[in-house]
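Q: For reference, the structure I am asking about is given below.
The values are calculated or read from the model by the stated rules, or taken from the named source; none is laboratory data. Because the structure is a prediction, the values reported are computed rather than measured. Cβ sites come from the backbone with ideal geometry, for glycine too, and all protein chains shown count toward neighbours. Note: areas computed on protein heavy atoms with side chains; ligands, DNA, RNA excluded. Shrake-Rupley method; radii C 1.70, N 1.55, O 1.52, S 1.80 Å.
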Amino acid sequence: MLDGKKMLFSGMQSTGTLQLGNYLGALKNWLTLSDEYECFYGVVDLHSITVRQDPATLRKRARDLLTLYIAAGLDPVKNCIYYQSHVSGHAELAWILNCFTYMGELNRMTQFKDKSAKHADNINAGLFTYPVLMAADILLFQSDVVPVGKDQMQHLEITRDIAQRFNNIYGDVFTIPEAYIGKQGAKIMSLQEPTKKMSKSDENPNASIFLMDDYDTIIRKFKRAVTDSDNQILYKDEKPGIKNLIDIYCAVTGKTPQETEAEFANCGYGDFKLAVGECVADSLKPVQDRFYDLSKNKDYINGIIKENGEKANYYANKTLRKVKKKVGFPEKIR
Ligand code: TRP
């Protein structure tokens, strides 16, 4: 609790460029939370190096992501937006929690299995203990709630298990976090294979809409979106391509699938794809404009990085001091 507000942590990796799924599924929903919660949003760059990165690219992407958080509408005064690598407490707590996590638990993580299949030449220990670092992120801020997608639920479960285990030994040190199930974030699927999640690492550039795609590119990608051939705009599981386009349209406009079906009852796929493309392009335009403006304003962004980094460190250190004392590390001499 901080000023009577519950704590909230979430983060995104600075790997790849954000796509529409990250925006509609996560970021856009974060905008409404700061009145109710004390929000910490990390650019989780420590997580990114579990996969090999080019240093200059990683640095640029981390800055772009932080800037995008703000461009998308997160107020950096009400929300603590910072780089994970600027708060050494993440790594320190992760080490300690590593010693309270079992190999067997980590072996069960489906993301580890997927990622090690994908990066078979670099199955490093960091990839294996990734969920422990994520647990440290969450527990460091005594988070009550964590907005996460379905694919991260298993990591949240292990976080809760680790926290319980620690508390059972040392008393109430950590708040046990819950998943934030708010207004359902839209799950956006690939435009080329609509049964697969839209992903920033998809090799087919037509499969994803990137947040920085220009107007014409967005329209072109929607025109090429894979659908069935019966030319009826109906929200049905058997029509994953059209269902996905309806989901996207609803996430942007706030309409329901039923309203959308009615609106386009007399249209063919061509018109509908164009309408979805236009509403997405129009809604991203202000975010893109703000992003370009903010990117020019180096001093402003640097100020946020500095101030919010200090704030995050302050709260991180509070937890870390307590944890270190509990496990029996000697006190610092001042
Ligand atoms: N693992 C998350 C992902 O890949 C990112 C993440 C890291 C995160 N630490 C977190 C999300 C803590 C929520 C809370 O999407």
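Q: Kindly check whether there is at least one residue in segment 280-289 that is more than 24 Å from the chain's Cα centre (by Cα) and assigned to a helix (DSSP H, G or I).
A: no
Q: Could you grab me the full set of residues in segment 13-48 that are modelled with pLDDT of 90 or more, among the hydroxyl-bearing types (S, T, Y) and touching a helix residue (DSSP H, G or I) at 6+ places or on another chain (Cβ under 9 Å)?
A: Y23, Y41, S48
Q: Under the condition of being farther than 24 Å from G328 by Cα and not in a helix (DSSP H, G or I), which residue from segment 84-111 is least open to solvent (accessible area, probe 1.4 Å)?
A: The selected residue is M109.
Q: For segment 22-32, state whether one or more residues are surrounded by fewer than 23 Cβ atoms within 10 Å (Cβ to Cβ), part of a loop (DSSP other than H, G, I, E, B) and within 13 Å of the ligand (Cβ to nearest atom).
A: Within segment 22-32 (the criterion being surrounded by fewer than 23 Cβ atoms within 10 Å (Cβ to Cβ), part of a loop (DSSP other than H, G, I, E, B) and within 13 Å of the ligand (Cβ to nearest atom)), the answer is no, since none of the residues qualifies.
Q: Also, I was wondering about something else. For segment 294-306, give me each residue that is free of Cβ contacts under 8 Å to residues at least 60 places away in the same chain and of a type outside the set (S, T, Y).
A: Within segment 294-306, K296, N297, K298, D299, N302, G303, K306 qualify.
Q: Just to be sure before I move on: is S10 at pLDDT 95 or above and small (G, A, S) in the structure I sent?
A: So S10 passes the test.
Q: If I filter segment 189-196 for residues that are surrounded by 16 or more Cβ atoms within 10 Å (Cβ to Cβ), in contact with a Phe, Trp or Tyr (Cβ under 9 Å, 6 or more places away or on another chain) and in a helix (DSSP H, G or I), do I get at least one hit?
A: Checking segment 189-196: not a single residue is surrounded by 16 or more Cβ atoms within 10 Å (Cβ to Cβ), in contact with a Phe, Trp or Tyr (Cβ under 9 Å, 6 or more places away or on another chain) and in a helix (DSSP H, G or I).
Q: Right, here's the next one. Within segment 42-82, track down each residue that is within 14 Å of the ligand (Cβ to nearest atom), assigned to a loop (DSSP other than H, G, I, E, B) and not hydroxyl-bearing (S, T, Y).
A: Passing the criteria: V44, I49, V51.
Q: A further question on this structure: Look at K273 and say whether it is open to solvent by less than 50 Å² (accessible area, probe 1.4 Å), of a type in the set (K, R) and without any contact (Cβ under 8 Å) to a residue 40 or more places away in the chain.
A: Answer is no for this residue.
Q: Another one. Among the numbered criteria (1) closer than 17 Å to A225 by Cα; (2) touching a Leu at 6+ places or on another chain (Cβ under 9 Å), which single criterion is violated by T319?
A: The single condition T319 does not satisfy is (1).
Q: Also: Out of the residues in segment 164-179 meeting the condition of being closer than 22 Å to E36 by Cβ and open to solvent by less than 30 Å² (accessible area, probe 1.4 Å), tell me which one is farthest from the ligand (Cβ to nearest atom).
A: Of everything passing the filter in segment 164-179, F174 is farthest from the ligand (Cβ to nearest atom).
Q: Then there is this: If you check every pair at least six apart or on different chains, which have Cβ atoms under 7 Å apart with a residue in segment 252-264 that is free of Cβ contacts under 8 Å to residues at least 40 places away in the same chain first and a residue that is open to solvent by 60 Å² or more (accessible area, probe 1.4 Å) and not small (G, A, S) second?
A: Within 7 Å, the pairs are P257/Y235; E261/Y235.
Q: Inspect segment 246-258 for any residue being aromatic (F, W, Y), part of a helix (DSSP H, G or I) and more than 30 Å from N79 (Cβ to Cβ) and give the result as yes or no.
A: Among the residues of segment 246-258, not one is aromatic (F, W, Y), part of a helix (DSSP H, G or I) and more than 30 Å from N79 (Cβ to Cβ), which makes the answer no.
Q: Could you look through segment 306-333, keep only residues that are under 13 Å from L140 (Cβ atoms) and of a type in the set (S, T, N, Q), and pick out the one that is most open to solvent (accessible area, probe 1.4 Å)?
A: Looking at the filtered set, the residue picked out is N317.
Q: Also, I was wondering about something else. Does T256 qualify as being open to solvent by 40 Å² or more (accessible area, probe 1.4 Å) and of a type in the set (V, I, T)?
A: yes
Q: Just wondering, is there one or more residues in segment 222-236 that are among the β-branched types (V, I, T) and in a helix (DSSP H, G or I)?
A: The answer is no; no qualifying residue exists.
Q: Give the residues of segment 1-21 that are of a type in the set (S, T, N, Q) and within 12 Å of the ligand (Cβ to nearest atom), sorted by residue number.
A: Answer for segment 1-21, where residues must be of a type in the set (S, T, N, Q) and within 12 Å of the ligand (Cβ to nearest atom): S10, Q13, S14, T15.
Q: Can you find even one residue in segment 142-163 that is at pLDDT below 95, more than 17 Å from L106 (Cβ to Cβ) and hydrophobic (A, V, I, L, M, F, W, C)?
A: yes
Q: Give me the residue from segment 112-156 that is away from the ligand (no atom under 11 Å from the Cβ) and in contact (Cβ under 8 Å) with a residue 60 or more places away in the chain and, out of that set, surrounded by the most Cβ atoms within 10 Å (Cβ to Cβ).
A: Filtering first and then ranking leaves Q142.
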